[in-house]
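Asks: Got a structure here, written out as structure tokens. Questions coming.
The values are calculated or read from the model by the stated rules, or taken from the named source; none is laboratory data. As the structure is a prediction and not an experimental result, all values here were calculated from the model. Positions of Cβ are backbone-derived with ideal geometry, glycine not excepted, and every protein chain shown enters the neighbour counts. Surface areas here come from the heavy atoms of the whole protein model, side chains and all, with no ligands, DNA or RNA. Shrake-Rupley method; radii C 1.70, N 1.55, O 1.52, S 1.80 Å.
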Amino acid sequence: MFPVTLDLAGRTVVVVGYGAVGRRKAATAAAAGAHVVVVDPAVSSVTGVPGLAIRCENYAPHQLSGAALVFACATPEVNARVVADGRTRGIWVNSATNPTDGDFTLPAVHAAGRLTLAVATGGASPALARRVRDQLADQFDATFEAWVELLNEVRGQVFVTVSDPARRRVLLDGFADWPWLDRLRSEGAEAVRAAMIEVVRGG
Ligand SMILES: C[C@@]1(CC(=O)O)c2cc3[nH]c(cc4nc(cc5[nH]c(cc(n2)[C@H]1CCC(=O)O)[C@@](C)(CC(=O)O)[C@@H]5CCC(=O)O)C(CC(=O)O)=C4CCC(=O)O)c(CCC(=O)O)c3CC(=O)O
Ligand SMILES: NC(=O)C1=CN([C@@H]2O[C@H](COP(=O)(O)OP(=O)(O)OC[C@H]3O[C@@H](n4cnc5c(N)ncnc54)[C@H](O)[C@@H]3O)[C@@H](O)[C@H]2O)C=CC1
């Protein structure tokens, strides 16, 4: 396993098969800013997913050209062809049929603003990945999201005002510690922002 976070903005992602699984993968890729091309002979129009293009056709290899990633979400036979064609073209393919067929799998994800939790089981149990994600999600709520935003903002200030890398590291590590989250919950963002700036200026 080698988890990465991909920047798909402006990239083309091809989704072959637009059933329940294909719809989920297409929505995820579109939400990440990809230009999504759906290939499915049974689908002629899609509403509610901006930036999605449809090719109401049977799968054919030429449809992969220009793709950064491909999701094979049709029948097992079609998916096997998509994986083989992707390999030939050097394009990464996710196979919905079998965890070991494709080049990558998707984790269960929870996002709290810029914080991303991704849970994977190496294909052992997608349902468990989903449950672990759901169990953790409550802890990473709107206040946590606000903390991440604040850390991003204050980190920018630290880079501008503190030139010593060692002191920068101490400050940034300190702001990322749990007592600041507790303070954010009890005192609110304005007070905590002011307190952090005070620490940057003072110590
Ligand atoms: C290998 C992988 C490849 C991939 O698709 O990337 C894969 C493969 C398969 N999934 C199957 C079934 C189910 N998948 C889900 C749900 C999710 N599946 C996802 C990922 C992955 N699924 C990758 C591994 C991730 C890992 O565990 O490391 C999630 C996490 C992310 C996502 O898809 O976006 C998403 C949660 C979305 C969310 O809630 O956010 C549910 C539960 C549900 O729907 O509630 C079920 C039914 C219960 C069960 O089977 O566990 C089957 C059997 C199909 C059949 O029965 O024929 C296969 C094929 C096989 O196992 O052979
Ligand atoms: N990864 C995952 O989370 C899961 C994977 N699966 C597997 O994923 C696959 C898809 O599952 P579902 O979405 O539930 O199936 P589905 O039957 O709802 O959708 C499959 C789609 O593929 C299309 N299709 C068929 N032949 C095609 C072709 N030649 N070219 C392009 N599109 C074609 C069909 O028109 C249909 O819309 C199955 O192989 C299933 O075993 C199933 C459940 C979960």
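Asks: Tell me the Kirkwood radius of the stretch 142-200: reciprocal of the mean inverse pair distance over distinct alpha-carbon atoms, in Å.
Replies: On the way: mean 1/r = 0.0873 Å⁻¹.
Value: 11.5 Å, from the Cα pair sum.
Asks: Ok, one more. Which three extents, in angstrom, do the Cα atoms of the stretch 77-146 have along their principal axes, listed largest first?
Replies: 46, 23, 15
Asks: Heavy atoms only, probe 1.4 angstrom, no DNA, RNA or ligands counted: give me Phe144, Phe2 ranked by accessible area, highest first.
Replies: On the way: Phe144 15, Phe2 175 Å².
The residues order as Phe2, Phe144, largest area first.
Asks: So what's the net charge close to Val36: Lys and Arg +1, Asp and Glu -1, counting the other residues with Cβ under 10 Å from its Cβ?
Replies: +2
Asks: Have a look at Asn79, Asn152, Asn94 and tell me which one the Gaussian network model of the chain (Cα, springs below 10 Å) gives the largest fluctuation.
Replies: Asn152
Asks: Oh, and also: Suppose R0 equals 30 Å; then what is the FRET efficiency for Arg130 and Glu190 from their Cβ-Cβ distance, rounded to the nearest 0.05?
Replies: On the way: r = 37 Å, r/R0 = 1.23.
My answer for the efficiency is 0.25.
Asks: Additional query: Only Cα pairs under 8 Å and at least 6 apart count here; give the relative contact order of the chain as a rounded whole percent.
Replies: Numbers: 287 pairs, mean separation 24.7, N = 203.
For the chain, the relative contact order is 12 percent.
Asks: Something else: Could you tell me what % of all Cα pairs in the chain have separations over 31 Å?
Replies: On the way: 7762 of 20503 pairs.
Summing the P(r) of the chain above 31 Å gives 38 percent of all pairs.
Asks: Separate question: If R₀ is 41 angstrom, what is the calculated FRET efficiency for the pair Arg169 and Arg89, using the beta carbon separation as r and rounding to 0.05? List each step's numbers first, then the result.
Replies: Working: r = 44 Å, r/R0 = 1.06.
Using R0 = 41 Å, I get an efficiency of 0.40.
Asks: Springs between alpha-carbon pairs under 10 angstrom, Gaussian network model over the chain: which of Ala72, Ala189, Ala30 fluctuates most?
Replies: Sorting by GNM fluctuation, first place goes to Ala189.
Asks: Check Val37: other-chain or 5+ apart residues with amide H under 5 Å from its amide H, H built from backbone geometry?
Replies: Under 5 Å from the amide H of Val37: Val13, Val14, Val15, Ala53.
Asks: Roughly how many Å is it from the Cα centre of the stretch 1-51 to that of the stretch 101-171, as a whole number?
Replies: 23 Å
Asks: ³J(HN,Hα) across the stretch 14-31 via Karplus (A = 6.51, B = -1.76, C = 1.60, θ = phi - 60°), whole Hz, x for Gly/Pro?
Replies: 9, 10, 9, x, 10, x, 4, 6, x, 5, 5, 5, 5, 5, 5, 5, 5, 5
Asks: Tell me the mean residue ellipticity at 222 nm calculated for the chain from its helices only (DSSP H runs of n ≥ 4, each -39500 (n - 2.57), averaged over every residue, nearest 500). Kindly include the intermediate steps, with their values, before the conclusion.
Replies: On the way: 7 runs with 93 residues, N = 203.
Counting only the DSSP helices, I get -14500 deg cm²/dmol.
Asks: Work out from phi, with θ = phi - 60° and the Karplus expression 6.51 cos²θ - 1.76 cosθ + 1.60, the ³J(HN,Hα) of each residue of the stretch 176-192, listed in order in whole Hz, and give x for Gly and Pro.
Replies: Calculated HN-Hα couplings, in order: 8, 9, 4, x, 5, 5, 4, 5, 4, 5, 8, 10, x, 5, 4, 5, 6 Hz.
Asks: Report, in debye and to the nearest 20, how large the dipole of the chain comes out about its Cα centre when Lys and Arg carry +1 and Asp and Glu carry -1 on their Cβ.
Replies: Numbers: 20 positive and 20 negative charges, 68 e Å.
Rounded to the nearest 20 debye, it is 320 debye.
Asks: Right, here's the next one. What does the extension gain come out to for Ala176 and Gln139, with contour length at 0.36 nm per residue minus their alpha carbon separation? The partial results should precede the final answer.
Replies: On the way: separation 37, 0.36 × 37 = 13.32 nm, distance 1.55 nm.
Separation in residues times 0.36 nm, less the Cα-Cα distance, equals 11.8 nm.
Asks: Does anyone have the angle between helix 165-175 and the longest principal axis of the chain? Alpha-carbon axes, 0 to 90°, nearest 10?
Replies: The two axes meet at around 80 degrees.
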